[in-house]
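J.: This structure is in structure tokens; I'll ask about it shortly.
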Amino acid sequence: MKANVSVIIPYFNARNTIERALVSIDLQSLRPAEVILINDASDYEHTLILSELSAKYGGWLKIINQLKNAGAATARNEGWNLATQTYIAFLDADDAWHPKKIEIQYAYMENNSDVMLCGHLCRELSTECDLNWLIGDEHSKEVTWGCLLLKNHFVTPSVMLRRSITLRFSNGKRYIDDHLLWLNIVHANMKAVKLGVELAAVFKPMYGASGLSADMWLMERAEILNYNILFKEKKISFPQMILLQCFSFIKYFRRLSIVYLVRKLSKS
């Protein structure tokens, strides 16, 4: 039995982690119907492994090669547009899923037809380990517009949404593109829910590490720009935009302090 789910993976120079991500999908207790990997113009040596993976997984894994690097947001949109299933689930090439992720989240979406977007908690891991951890009791909470304005409650590898949603990530936007999409979805009166169970693993800190999260100032600028966009689209007022931007700066300096302390302690 397969779930009516299309998994979308943006891939750029991730040969060291992509197989871990694919294995975590392959080992799902309820397997998704298809996996669409968008190769975002990776370097030659990182593209070679994709042929091996294609041969290993057959037609279940569909690999789309892009000629020009356009970023994860554009890659996710490309995969979304090619998807054939009722639901879309996103996974990054350097992350992985708990074996019951699809089973639990798919059942929730099927049993709650009013929910358009569903996320869950993630477990932060520093080393390779067994992904089949104890997940505890499942519970859910609606994420409202106000809560989402203050914080991005949905890490992208946790999200499953209905393919019928016509909104998309902002093509070409390379930072905080996911938060802007979730905001637009909720603003359009589509219900978003977060499950209180850890069903995904991320293998680097959420900020201050390698990858996009290392560019903390660029991420902060992108969040400030998101609030500008929402204001221009008349989704928030000018005073709200200023307050949200000030709150964003406070969070940014708090993150800087945490990263500084962690690095200092690691050296001592």
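The values are calculated or read from the model by the stated rules, or taken from the named source; none is laboratory data. Model, not experiment: these values are computed from the prediction. In this analysis, Cβ positions are derived from the backbone assuming ideal geometry, glycine residues included, and neighbour counts consider all displayed protein chains.
J.: Does Asn184 qualify as being within 21 Å of Thr74 (Cα to Cα) and either assigned to a helix (DSSP H, G or I) or not assigned by TED's automatic domain parsing to the domain that holds Ala21 (or both)?
T.: Numbers: within 21 Å of Thr74 (Cα to Cα): yes; either assigned to a helix (DSSP H, G or I) or not assigned by TED's automatic domain parsing to the domain that holds Ala21 (or both): yes.
Yes, satisfied.
J.: Counting only residues that are more than 16 Å from the chain's Cα centre (by Cα) and part of a helix (DSSP H, G or I), how many does the stretch 11-52 have?
T.: Residues meeting the conditions: 13.
J.: Among the numbered criteria (1) touching a Phe, Trp or Tyr at 6+ places or on another chain (Cβ under 8 Å); (2) charged (D, E, K, R); (3) buried (at least 21 other Cβ atoms within 10 Å of the Cβ); (4) farther than 19 Å from Lys173 by Cβ, which one does Asp94 miss?
T.: (3)
J.: Looking for whichever is under 19 Å from Ala33 (Cα atoms) and of a type in the set (S, T, N, Q) here; the options are Asn81, Asn152, Asn112, Asn132. Which one fits?
T.: Numbers: Asn152 fails: under 19 Å from Ala33 (Cα atoms); Asn112 fails: under 19 Å from Ala33 (Cα atoms); Asn132 fails: under 19 Å from Ala33 (Cα atoms).
Of the residues listed, the single one that is under 19 Å from Ala33 (Cα atoms) and of a type in the set (S, T, N, Q) is Asn81.
So that you can scan it fast, the table gives a plain yes or no per residue for (1) of a type outside the set (Lys, Arg); (2) closer than 13 Å to Ile104 by Cβ; (3) surrounded by 12 or more Cβ atoms within 10 Å (Cβ to Cβ):
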site: Ser126; (1), (2), (3): yes, no, no
site: Glu138; (1), (2), (3): yes, yes, yes
site: Cys147; (1), (2), (3): yes, no, yes
site: Val155; (1), (2), (3): yes, no, yes
site: Ile165; (1), (2), (3): yes, no, yes
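J.: While we're looking at this one, here's another question. Hey, any hits in the stretch 9-26 for a residue that's within 20 Å of Arg174 (Cβ to Cβ) and aromatic (Phe, Trp, Tyr)?
T.: Yes, that holds for at least one residue.
J.: Pairs, please: C-beta under 7 Å, at least 6 apart or cross-chain, first residue over 23 Å from Phe231 (Cβ atoms) and in the stretch 243-268, second in a helix (DSSP H, G or I) and at pLDDT 80 or above?
T.: Arg255/Met216; Leu256/Met216
J.: Looking only at the stretch 187-228, filter to residues that are part of a loop (DSSP other than H, G, I, E, B) and among the hydroxyl-bearing types (Ser, Thr, Tyr); which one of those is modelled with the lowest pLDDT?
T.: Of the residues in the stretch 187-228, the ones part of a loop (DSSP other than H, G, I, E, B) are 188-190, 203-211, 215.
Narrowing further to those that are among the hydroxyl-bearing types (Ser, Thr, Tyr): 207, 210.
Details: Tyr207: 53, Ser210: 43.
The selected residue is Ser210.
Matching residues to (1) among the aliphatic types (A, V, I, L, M); (2) closer than 18 Å to Asn152 by Cα:
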{"position": "Ala72", "(1), (2)": "yes, yes"}
{"position": "Glu78", "(1), (2)": "no, no"}
{"position": "Gln85", "(1), (2)": "no, no"}
{"position": "His98", "(1), (2)": "no, no"}
{"position": "Ile104", "(1), (2)": "yes, no"}
{"position": "Ala107", "(1), (2)": "yes, no"}
{"position": "Asn111", "(1), (2)": "no, no"}
{"position": "Leu117", "(1), (2)": "yes, yes"}
{"position": "Glu124", "(1), (2)": "no, yes"}
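J.: Moving on to the next point. Those residues that are charged (D, E, K, R) and in contact (Cβ under 8 Å) with a residue 24 or more places away in the chain, I need them from the stretch 39-66; list them, please. So that I can check it myself, show each step before the final result.
T.: Step one: of the stretch 39-66, the residues charged (D, E, K, R) are 40, 43, 45, 52, 56, 62.
Asp40, Asp43, Glu45, Lys62, listed by residue number.
J.: Then there is this: Just wondering, is there one or more residues in the stretch 234-244 that are closer than 13 Å to Ile176 by Cα, of a type in the set (S, T, N, Q) and part of a helix (DSSP H, G or I)? Can you show your working first?
T.: Looking only at the stretch 234-244, we keep the residues that are closer than 13 Å to Ile176 by Cα, and these are none.
No, because not a single residue in the stretch 234-244 is closer than 13 Å to Ile176 by Cα, of a type in the set (S, T, N, Q) and part of a helix (DSSP H, G or I).
J.: Go through the stretch 86-154 and tell me which strands (runs of 3 or more DSSP E), entirely inside it, have 1 or more residues that are of a type in the set (Asp, Glu). I'd like the intermediate steps shown before the answer.
T.: Working: elements: 87-90, 95-97, 115-124, 140-142.
Fully inside the stretch 86-154 and qualifying: 95-97, 115-124, 140-142.
J.: Collect the residues in the stretch 108-125 that are farther than 23 Å from Leu183 by Cα and in contact (Cβ under 8 Å) with a residue 40 or more places away in the chain, keeping them in residue-number order.
T.: Hits for the stretch 108-125 are Arg123, Glu124, Leu125.
J.: Continuing with the same structure: Which residues, counting only those in the stretch 215-237, are of a type in the set (A, V, I, L, M) and closer than 14 Å to Trp145 by Cα?
T.: Quick first cut of the stretch 215-237, residues of a type in the set (A, V, I, L, M) only: 216, 218-219, 222, 224-225, 229-230, 236.
Scanning the stretch 215-237 gives Leu230, Ile236.
J.: May I pose another question? So is Leu167 under 16 Å from the mean Cα position of the chain (by Cα) and either closer than 18 Å to Lys100 by Cα or in a strand (DSSP E or B) (or both) or not? Outline the logic, then answer.
T.: Values: under 16 Å from the mean Cα position of the chain (by Cα): yes; either closer than 18 Å to Lys100 by Cα or in a strand (DSSP E or B) (or both): no.
When the stated conditions are applied, Leu167 does not pass them.
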